[in-house]
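Working notes for the structure below.
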Amino acid sequence: MSTVSALSPALPADWRDFLALTKPRVMTLVVFTGLCGMLAAPVPIHPVLGFTAILCIALGAGAAGALNQWYESDLDAKMKRTQRRPLPAGRMERQSALHFGVGLAVFSLVLMYFAINLVATIILAVSILFYVFVYTIWLKRRTPQNIVIGGAAGAFPPLIGWAAATGDVATLPILLFLLIFLWTPPHFWALALFVKTDYANAGVPMLPVVSGERTTRHQIGLYSIPMAVAGIAPWPLGLTGPVYGVVAVVLNAVFLVLAARIALRTSQPDDKMAPEKTLFKYSILYLFVVFGALVVDRWVS
Amino acid sequence: MTEQNNISAETTDAIRARQRSRARIMAVLLGVFVILVFAISIVKIQIAHSG
């Protein structure tokens, strides 16, 4: 039996495994924030070009996800949450993932340049390179600040969407960048609090593993304050109307309450971590609704 | 020997099926890409004429 297996040529990876390499669930948030950045721009973009720009953002994010999985296949194999991915599960060769990731990245950039403009292409290139080299290769295994600085990679899509429509960058998309940048630490640290063992087993220096639960809880509370400021700021600065302003105030108030609840509590033995799970889920809803409100506000005004 | 040949045939069939499935997806994606490039070209020409 083992002789037959050894002689059998390896089965080529299924197309679904290539799709899984692109982290489709993460991509939905990237595509949505990119689309909202584009729709919030003061200059309309032709639907065909708008679709192409969003496609390029999605492909660029997919490429970054594939390269991340290529580099981290050893870590993924150690964590329950990720061990069924195509590389650790042995359904794909590492080289195929590398070729796929690089090919997709180049394709997305070339298409963005020829169909849209140079500014959007440069920001897309920076976001892919930042995610792969700064976050994945440099920071993730070295410092508990990995997601603080690395979070910038996921904050670029609204800037790219805006740049695709206008050809430049302005205050509003920079504030949207800041909002996602400051949203990332509380979002991921809430997750890290209830999957701490997984990260510790894999040797990833997430904040709860390195500095302990108490520090992480305080940091979640602290980061939520500038995040709320960045989220509400477009309204008093006159960059958005009251629709966005009211939604942003309510959503940020709820976020601050949930974050404060985590910051002030101490987990018990066999704790189900319900407040942490609630904040993690709410933070995803928060980002979708805030960006949705931005577009609705633009249409209303 | 017979068993080995059977398994080998099954493996070959599985590889062929996987290759066919990937080729179909690739063909669809290339078709979509051609349509997209055509649409982008038309839009760019329109914008150039109106601008």
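The values are calculated or read from the model by the stated rules, or taken from the named source; none is laboratory data. Here the structure is a predicted model, which means the values were calculated and not measured. Note: ideal-geometry Cβ built from the backbone for every residue, glycine included; neighbour counts use all protein chains shown.
Tabulated values for the structure
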read-out	value
The stretch A:230-269: number of residues that are assigned to a helix (DSSP H, G or I), touching a residue at least 24 places away in the same chain (Cβ under 8 Å) and of a type in the set (Lys, Arg)	0
Close pairs from the stretch A:59-81: first of a type in the set (Phe, Trp, Tyr), partner crowded, with 24+ Cβ neighbours inside 10 Å, Cβ under 9 Å, at least 6 apart	A:Trp70/A:Leu21; A:Trp70/A:Leu87; A:Trp70/A:Ala97; A:Trp70/A:Gly101
Any hit, the stretch B:8-26, residues being loosely packed, with under 10 Cβ neighbours inside 10 Å, at the interface with another protein chain (Cβ under 9 Å from one of its Cβ atoms) and either closer than 30 Å to A:Ala53 by Cβ or modelled with pLDDT under 95 (or both)	no
Whichever residue in the stretch B:34-46 is facing chain A (nearest Cβ under 9 Å) and of a type outside the set (A, V, I, L, M) and, among such residues, is farthest from A:Trp15 (Cα to Cα)	B:Gln46
Inter-residue pairs, beta-carbon under 8 Å, first among the basic types (Lys, Arg) and in the stretch A:174-188, second modelled with pLDDT of 95 or more, 6+ apart	none
